[in-house]
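The structure appears below as structure tokens.
The values are calculated or read from the model by the stated rules, or taken from the named source; none is laboratory data. Just so it is clear, the model here is predicted, and its values are computed rather than measured. So basically every Cβ, Gly included, is an ideal-geometry build from the backbone, and we count neighbours across all protein chains shown. Side chains included, ligands, DNA and RNA excluded: accessible areas come from the protein's heavy atoms. Shrake-Rupley method; radii C 1.70, N 1.55, O 1.52, S 1.80 Å.
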Amino acid sequence: MTWEGWTLVVVLLVLVLGWVLWLLASRVDRLHRKVLRSRATLELQLAQRAAAAHELAMSGALDPVEAVLLADVAQRASAGAPGRVVPDGLEGEPDVEEPVGDVDRSLVESELSRTLRALLESHADTEPLGDNPLAVDPLHRLDAAWYRLELARRFHNAHVAEVRRMRANPVVRVLHLAGRAPMPHAFDMDDARPAR
């Protein structure tokens, strides 16, 4: 083979290698965007569950102490909404400074889950809330929001695991195909619903 033939082979190999690396980098970028979309969905579902819990607290179906307790926890969960669900920096730099004393969203959301579970399970033993006409609609909305939240969290964490697997690839890691994007983190919280 002549030097022109070898040059052509080398150029083709370089082009194929560049194309493969471009595909890998594009896949990593798409996976990062998928994590961001699932994180936005997760934020929405967290907010909807907090709103449904607050609606249940204000429905008049609970005794005053339970209503105040649930409203307080739901309000804290709603107040945590402007903060980031996962502070891993994947969303980029914030436009405004984060408030000092940020609350860990997973702790606040877990507290809301535990409060709701304790409240609903205590009523299941005595007089079920589902029998109270004031609680039927708020309970239905809460159950639907809680279910969607479980799904959103599972999808988000699955997408994060997929990105982590892809970024563990030696080629992606050595050639920095993920760019400067930080490693995404999963969102862990207690989201178990009450026993039925």
Specify which of the listed residues (ARG37, ARG27) is within 16 Å of PHE187 (Cβ to Cβ), open to solvent by 80 Å² or more (accessible area, probe 1.4 Å) and at pLDDT 95 or above. ARG37
Test of understanding: among ALA186, ALA168, ALA144, ALA178, which residue is loosely packed, with under 14 Cβ neighbours inside 10 Å, over 20 Å from GLN48 (Cβ atoms) and within 22 Å of the chain's Cα centre (by Cα)? ALA168
For the range 41-62, indicate whether the set of residues that are assigned to a helix (DSSP H, G or I), under 29 Å from THR115 (Cα atoms), in contact with a His (Cβ under 8 Å, 6 or more places away or on another chain) and touching a residue at least 24 places away in the same chain (Cβ under 8 Å) is non-empty. yes
I need every pair where a residue in the range 133-160 that is touching a residue at least 12 places away in the same chain (Cβ under 8 Å) has its Cβ under 8 Å from the Cβ of a residue that is in a loop (DSSP other than H, G, I, E, B) and aliphatic (A, V, I, L, M), sequence separation at least 6 or different chains. LEU134/ALA61; ALA135/ALA61; ALA135/LEU62; PRO138/ALA61; ARG153/MET189; HIS156/ALA186; ASN157/ALA186; VAL160/ALA186
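Tell me, please, whether a residue that is part of a loop (DSSP other than H, G, I, E, B) and modelled with pLDDT of 90 or more can be found in the range 84-99.
no
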Would you say ARG76 is of a type outside the set (Gly, Ala, Ser) and either free of Cβ contacts under 8 Å to residues at least 40 places away in the same chain or more than 24 Å from SER110 (Cβ to Cβ) (or both)? yes
Which residue, of ALA53, ALA77, ALA61, is modelled with pLDDT of 95 or more and crowded, with 18+ Cβ neighbours inside 10 Å? ALA53
